[in-house]
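Worksheet: one structure, shown below.
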Amino acid sequence: FVQKNNAVEVFYLYSLVELSHNKENFEINKDKLSEFKYKIDFATQCPIKNLRQYQFDFYRDYVIFRPLDIPVNNIAYLDEHLLPTYCGLLKIRELSLQGLDKGKSEKNLKLFLEWVKLEIGVFGGLEFQLALKIFGGNSEYLRMISLKDSLGDVRKKLWGTTWDLFHARFSINSEELAKIVGKDVIPFFVTSDSVLSKLIENNQLLMKVKPNGNSGGSIWLSDANTKHFSDDFIISLNESIISLAATTHSRSKEFNMPKIRNLISEFESVIKTA
């Protein structure tokens, strides 16, 4: 598809960072990242016929004229994009473990929103949508918070979901992506994960907020496609979101990262001792 459409470019920087970093110490394996990058470049340049018939030799045919310059050693520069999401997923999982029956659905969602407001300070649209789906009785989304996995897999799965939401958020935000690539873009987010795809597409963009000419945020409304929430509750919820956005859009959107790291440590300590 990319070869047949010259105007289409693949933006894979953050995907390579995800695949190439150590999951324990978060350091980037630069050799691994470089090899991934070279092979993707090769695949987009090699004739499609040769690729389909396996008539190629990457190590013979791909020439590296200049080694890839990777200016960072770890993913710490992405902390403000990743850690709040990871922390939010831990909270959704904690509330879910207390019960997901219909009688607790509205209470769970209200507790989550209040926690975000007090502890995180900034609403994450996709995290909110995920909480809405899970507390609303849509069980297909439970795998995104590792609710039924063994304890040893919880951290790994939640980090996987964190990266999924990170990629999705950047890919559907043309303004932010344009700043990174240095030109106007019309982004397409391609995924084979049907659940993630539905999480993104079942939203309604109301408006974008840009306080004082600075980069702002978007306000995403919720639909009522859940088992446990009534239309009236969704309408009331959306009114609350709009009201909250109207009163907080001019505030600083910087995260309290030390606080978020402490919250993560507390959540993870409970998982390890469960």
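The values are calculated or read from the model by the stated rules, or taken from the named source; none is laboratory data. Here the structure is a predicted model, which means the values were calculated and not measured. Cβ coordinates were reconstructed from backbone atoms using ideal geometry, including for glycine residues, and neighbour counts include every protein chain displayed.
The condition of being at pLDDT 90 or above, in a loop (DSSP other than H, G, I, E, B) and not charged (D, E, K, R) holds for only one of GLY160, GLY137, that being GLY137.
Listed conditions (1) more than 21 Å from the chain's Cα centre (by Cα); (2) touching a residue at least 40 places away in the same chain (Cβ under 8 Å); (3) in a helix (DSSP H, G or I) are all met by ILE70, apart from (3).
Tell me, please, whether a residue that is farther than 21 Å from LEU19 by Cβ and either not hydrophobic (A, V, I, L, M, F, W, C) or not in a helix (DSSP H, G or I) (or both) can be found in region 187-200. Yes, region 187-200 contains at least one residue that is farther than 21 Å from LEU19 by Cβ and either not hydrophobic (A, V, I, L, M, F, W, C) or not in a helix (DSSP H, G or I) (or both). Scanning region 100-113 for residues that are small (Gly, Ala, Ser) and buried (at least 16 other Cβ atoms within 10 Å of the Cβ) yields a single hit, SER105. Only a single item in (1) surrounded by 13 or more Cβ atoms within 10 Å (Cβ to Cβ); (2) on the phi < 0 side of the Ramachandran plot; (3) modelled with pLDDT of 90 or more is not met by ASP31, and it is number (1).
For first residues located in region 107-122 and at pLDDT 90 or above, partners that are among the hydroxyl-bearing types (Ser, Thr, Tyr) and lie 6+ apart or on another chain with Cβ distances below 8 Å form the pairs ASN108/SER96.
Of the residues VAL154, VAL195, VAL181, which single one is touching a residue at least 12 places away in the same chain (Cβ under 8 Å), of a type in the set (A, V, I, L, M) and out of contact with any helix residue (DSSP H, G or I) (no Cβ under 7 Å at 6 or more places or on another chain)? Give the steps one after another, and end with the answer.
Numbers: VAL154 fails: out of contact with any helix residue (DSSP H, G or I) (no Cβ under 7 Å at 6 or more places or on another chain); VAL195 fails: out of contact with any helix residue (DSSP H, G or I) (no Cβ under 7 Å at 6 or more places or on another chain).
Result of the check over VAL154, VAL195, VAL181: VAL181.
For region 118-141, taking the residues that are acidic (Asp, Glu) and surrounded by fewer than 19 Cβ atoms within 10 Å (Cβ to Cβ), the one that is nearest to PHE229 (Cα to Cα) is identified as GLU140. In region 83-99, what residues are surrounded by 20 or more Cβ atoms within 10 Å (Cβ to Cβ) and either of a type in the set (A, V, I, L, M) or not in a helix (DSSP H, G or I) (or both)? If the condition is that a residue be surrounded by 20 or more Cβ atoms within 10 Å (Cβ to Cβ) and either of a type in the set (A, V, I, L, M) or not in a helix (DSSP H, G or I) (or both), then LEU89, LEU90, ILE92, LEU95 are the ones that fit.
Taking the listed residues LEU147, LEU165, the one that is assigned to a loop (DSSP other than H, G, I, E, B), buried (at least 16 other Cβ atoms within 10 Å of the Cβ) and touching a Leu at 6+ places or on another chain (Cβ under 8 Å) is LEU147, with no other qualifying. Within region 27-44, is there a residue that is among the basic types (Lys, Arg) and in contact (Cβ under 8 Å) with a residue 40 or more places away in the chain? Yes - at least one qualifying residue is present in region 27-44. Residues in region 25-67 that are among the hydrophobic types (A, V, I, L, M, F, W, C) and not in a helix (DSSP H, G or I) were compared, and the one that is nearest to LEU165 (Cα to Cα) is PHE26.
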